[in-house]
């Protein structure tokens with residue numbers, strides 16, 4: 001599967017669905033982004049059951065700001081609508097492969113329980 005361009009309109013519906021979604025936040029002028037792009041594209045081809053989205057930070061500055069992106073490239077991982085990972089910096093292929101394997105291996109019932117517990121523990125959020 002190829003990558004999918006995400007915008008402010010398509011981001012939330014994409015990452016809140018079922019399954020694993022990776023998001024690469026990048027810019028055309030960014031050297032590390034250009035180095036990471038072929039690695040990310042290859043992972044998309046190797047993992048057709050995963051959605052690989054790309055957000056052009058120059059074309060979507062409001063979305064980048066809302067996501068708290070302070071450096072690019074930034075990689076985000078979601079599974080079943082839950083944000084699992086966000087990190088700036090280009091990953092080498094073995095690290096990206098490992099991250100995908102970890103996302104696949106998660107027991108999402110345990111993750112949902114931990115998220116619910118964390119939300120209950122935060123005062124003032126009712």
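The values are calculated or read from the model by the stated rules, or taken from the named source; none is laboratory data. Because the structure is a prediction, the values reported are computed rather than measured. Because the Cβ atoms are built from the backbone with ideal geometry, glycine has one as well, and the counts that use them run over all protein chains shown.
Here the condition is being assigned to a helix (DSSP H, G or I), touching a strand residue (DSSP E or B) at 6+ places or on another chain (Cβ under 8 Å), under 20 Å from residue 10 (Cβ atoms) and in contact (Cβ under 8 Å) with a residue 40 or more places away in the chain; of 103, 44, 37, it holds for 44 alone. Scanning the range 4-31 for residues that are farther than 15 Å from residue 60 by Cβ and in contact with a strand residue (DSSP E or B) (Cβ under 9 Å, 6 or more places away or on another chain) returns 16, 17, 18, 19, 20, 21, 22.
Filter the range 84-100 down to residues that are under 15 Å from residue 25 (Cα atoms) and part of a strand (DSSP E or B) and give me whichever is farthest from the chain's Cα centre (by Cα). Top of the filtered list is 88. One residue alone among 111, 69, 115 is in contact (Cβ under 8 Å) with a residue 40 or more places away in the chain and either within 16 Å of residue 4 (Cα to Cα) or out of contact with any helix residue (DSSP H, G or I) (no Cβ under 7 Å at 6 or more places or on another chain) (or both), and that residue is 69. Condition test on residue 77, is it touching a residue at least 40 places away in the same chain (Cβ under 8 Å), within 13 Å of the chain's Cα centre (by Cα) and in a loop (DSSP other than H, G, I, E, B)? Judged against the criteria, residue 77 is not a match. Filtered by the rule that a residue be surrounded by fewer than 20 Cβ atoms within 10 Å (Cβ to Cβ), without any contact (Cβ under 8 Å) to a residue 40 or more places away in the chain and closer than 23 Å to residue 38 by Cβ, the range 53-66 gives a lone residue, 58.
Test residue 59 against the stated conditions and say whether it is in a loop (DSSP other than H, G, I, E, B) and modelled with pLDDT under 95. Spelling it out, it is not the case that residue 59 is in a loop (DSSP other than H, G, I, E, B) and modelled with pLDDT under 95.
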